[in-house]
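The values are calculated or read from the model by the stated rules, or taken from the named source; none is laboratory data. Treat the numbers as computed from the prediction; the structure is a model and nothing was measured. We place every Cβ from the backbone using ideal geometry, glycine too, and count neighbours over all the protein chains shown.
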Amino acid sequence: MDKEGARKCLRADCLIIATAATHGADILYSDDQDFRKRASKIGRLTVKGFPDIAPDLFEQGGMKKRRHSACTRGRHGSSRVL
């Protein structure tokens, strides 16, 4: 990564970490080692990697894969997937 690209990543990482800390997050998830090092310097934030996803996730517990999903907006702007 060039110097400019590294600077943009650093800026984005810092904004994410600062936003999470400001809003009281306890845990951040990332597989980016540089991000994890930066976030772990904030004492109250726990940084974890993403968990592995089971290949049959949607078949477990009676869930079936959906062919299509539609996103709708509620009256107050909240989203939900149908």
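Restricting attention to region 9-32, which residues are surrounded by 15 or more Cβ atoms within 10 Å (Cβ to Cβ), small (Gly, Ala, Ser) and under 15 Å from GLY43 (Cβ atoms)?
Those that are surrounded by 15 or more Cβ atoms within 10 Å (Cβ to Cβ), small (Gly, Ala, Ser) and under 15 Å from GLY43 (Cβ atoms): ALA20, ALA21, ALA25.
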Meets criteria (of a type in the set (D, E, K, R) and either in contact with a Leu (Cβ under 9 Å, 6 or more places away or on another chain) or surrounded by 10 or more Cβ atoms within 10 Å (Cβ to Cβ) (or both)) for ASP2 = no
Listing of strands (runs of 3 or more DSSP E) fully contained in region 23-77 that carry 1 or more residues being at pLDDT below 85 | 71-73
Filtering region 35-56 down to residues that are in contact with a helix residue (DSSP H, G or I) (Cβ under 7 Å, 6 or more places away or on another chain) and within 19 Å of CYS9 (Cα to Cα), which residue is surrounded by the most Cβ atoms within 10 Å (Cβ to Cβ)?
-> ALA39
